[in-house]
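Trainee: Shown below is the structure under consideration.
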Amino acid sequence: MFRALRGPLAIAALALLLIGVTYHLMAVSIDRNLKRDAENLGLDWAQYFARHMPDLEALVAGRKPSQEVRDFLRQASAVGQVFCVKVFDAHGFLRYDSSDPDMKRPLRPSLASHNQQAASVVTSGRPFAVAREGKAPEKPPFYAEAYLPIMRNGETVA
């Protein structure tokens, strides 16, 4: 009796194995694509901010954000895809954090202490993005951090 079932059981086991492998490959592929899309979106937003942020030079110099900057960031956040913007100067020091627009908290000392790989953006001049999983309420469940050197007249300003 067991011999008669051996063939169908082997086929069923093989089918389950193939389903499991297919599921795993799909999950890995979907995860990779989600991360890549999040990273690309993060870089797109960073480029948008680099081109359109009013008073960027004032922020980089450490001055408090103007009302125009606050309005710009509020509008970007209202779109629902931007929850935080940080501006670092050309030396990698944090000059602005949108989660503290009145700049009441002391700023962290440097980009290197925030993210070592992101600090390489200052020296390499190449953008960097990474997708992450966050925890509510501080961060969305899935987001991207993007770092982009901002150039003006051939020099890195932020």
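Trainee: Pick from 95, 63, 70: which is touching a Gly at 6+ places or on another chain (Cβ under 8 Å), at pLDDT 80 or above, within 30 Å of residue 112 (Cβ to Cβ) and not aliphatic (A, V, I, L, M)?
Mentor: That would be 95, the only listed residue that is touching a Gly at 6+ places or on another chain (Cβ under 8 Å), at pLDDT 80 or above, within 30 Å of residue 112 (Cβ to Cβ) and not aliphatic (A, V, I, L, M).
For every residue, the table says whether it meets (1) farther than 29 Å from residue 33 by Cα; (2) of a type outside the set (Lys, Arg); (3) touching an Asp or Glu at 6+ places or on another chain (Cβ under 7 Å).
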{"site": "71", "(1), (2), (3)": "yes, yes, no"}
{"site": "79", "(1), (2), (3)": "no, yes, no"}
{"site": "96", "(1), (2), (3)": "yes, yes, no"}
{"site": "110", "(1), (2), (3)": "yes, yes, no"}
{"site": "128", "(1), (2), (3)": "no, yes, no"}
{"site": "132", "(1), (2), (3)": "no, no, yes"}
{"site": "148", "(1), (2), (3)": "no, yes, no"}
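Trainee: Moving on. Mind counting the residues in region 118-154 that are loosely packed, with under 11 Cβ neighbours inside 10 Å and assigned to a helix (DSSP H, G or I)?
Mentor: 2
Trainee: Kindly list the number of the only condition in (1) over 24 Å from residue 157 (Cα atoms); (2) in a helix (DSSP H, G or I); (3) not small (Gly, Ala, Ser) that fails for residue 81.
Mentor: The number of the failed condition is (2).
Trainee: While we're here: Identify, from the list 95, 70, the residue that is part of a strand (DSSP E or B) and either farther than 18 Å from residue 53 by Cβ or more than 18 Å from the chain's Cα centre (by Cα) (or both).
Mentor: The conditions single out 95.
Trainee: OK, next. Any residue in region 133-155 that's more than 18 Å from residue 123 (Cα to Cα) and of a type in the set (Ser, Thr, Tyr): show its pairings with residues that are at pLDDT 80 or above and not in a loop (DSSP other than H, G, I, E, B) at Cβ separation under 7 Å, as long as the two are six or more apart or on different chains.
Mentor: 143/132
Trainee: Name the single residue that is farthest from residue 87 (Cα to Cα) among those in region 28-72 being among the β-branched types (Val, Ile, Thr) and surrounded by 12 or more Cβ atoms within 10 Å (Cβ to Cβ).
Mentor: Only one residue tops the list, namely 69.
Trainee: May I pose another question? When you go through 51, 63 one by one, which is the residue that is under 21 Å from the mean Cα position of the chain (by Cα) and either of a type in the set (Lys, Arg) or on the phi > 0 side of the Ramachandran plot (or both)?
Mentor: From the options 51, 63, the qualifying one is 51.
Trainee: Return yes or no: is residue 83 closer than 24 Å to residue 130 by Cα, modelled with pLDDT of 80 or more and of a type in the set (Phe, Trp, Tyr)?
Mentor: So residue 83 fails the test.
The values are calculated or read from the model by the stated rules, or taken from the named source; none is laboratory data. Keep in mind that what you see is a predicted model, and the values were worked out from it rather than measured. Here Cβ is always computed from backbone atoms with ideal geometry, including for glycine, and neighbour counts include all displayed protein chains.
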